[in-house]
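Q: Here it is, the structure in full.
The values are calculated or read from the model by the stated rules, or taken from the named source; none is laboratory data. Since the model is a prediction, treat every value here as computed from it, not as a measurement. Positions of Cβ are generated from backbone atoms using ideal geometry, with glycine treated the same way; all protein chains shown enter the neighbour counts.
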Ligand SMILES: [Zn+2]
């Protein structure tokens with residue numbers, strides 16, 4: 001692509017283009033929006049980025065991102081320390097928190113096992129998970145991992161490693177979403193929902 005702006009602007013566009021969901025075209029539009037609204041957008045965003053860069057760190061217990069270590073969830077005495085929900089990334093933790101119904105604690109793996117990418121358990125926070133479970137406080141581990149090949153491989157691996165830990169290991173139910181029409185669902189979801197049916 002021919003450079004049409006100065007090197008500073010091209011650099012901004014190149015960095016924005018590394019964000020998930022932004023291709024070169026939308027990065028260009030985002031850069032332009034920022035530059036046109038310096039006071040309302042560019043400068044506050046730059047300040048927010050600098051502050052996040054300086055203050056946000058990974059919780060040494062669960063791996064979540066927060067400005068305090070341990071994070072807010074880990075240090076909240078009203079959260080149930082006997083229940084540990086294992087998630088792939090912080091985004092899944094945020095989604096579960098938005099749901100608002102889970103009152104236990106979390107463990108962020110930092111990825112999934114992947115034969116294709118050559119990612120083994122040592123690349124994930126598996127050792128820390130086993131340490132926490134063997135610490136004695138945990139009674140249930142919920143494996144809230146994606147319904148993908150890597151997600152399920154990881155879930156089965158963890159279930160195996162936790163088999164002798166004296167805790168109950170559960171997985172999230174999969175099936176029909178709230179408000180979901182059956183004829184809109186994919187076959188895999190319907191099959192899962194049928195297998196996971198429960199007494200009415
Ligand atoms: Zn934490």
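Q: Among the residues of the stretch 57-66, is there at least one that is under 16 Å from the mean Cα position of the chain (by Cα), modelled with pLDDT of 95 or more and away from the ligand (no atom under 16 Å from the Cβ)?
A: no
Q: Which residues, counting only those in the stretch 71-96, are more than 13 Å from the ligand (Cβ to nearest atom) and in a loop (DSSP other than H, G, I, E, B)?
A: 77, 78, 88, 89
Q: What do you reckon, is residue 7 under 25 Å from residue 133 (Cα atoms) and loosely packed, with under 12 Cβ neighbours inside 10 Å?
A: Judged against the criteria, residue 7 is not a match.
Q: For the stretch 86-116, name all the residues that are more than 15 Å from residue 59 (Cα to Cα), surrounded by 13 or more Cβ atoms within 10 Å (Cβ to Cβ) and either free of Cβ contacts under 8 Å to residues at least 24 places away in the same chain or more than 10 Å from the chain's Cα centre (by Cα) (or both).
A: The answer is 97, 102, 104, 111, 112, 113, 114.
Q: Part of a loop (DSSP other than H, G, I, E, B), under 30 Å from residue 149 (Cβ atoms) and either touching a helix residue (DSSP H, G or I) at 6+ places or on another chain (Cβ under 6 Å) or in contact (Cβ under 8 Å) with a residue 12 or more places away in the chain (or both), is that true of residue 63?
A: In short, yes.
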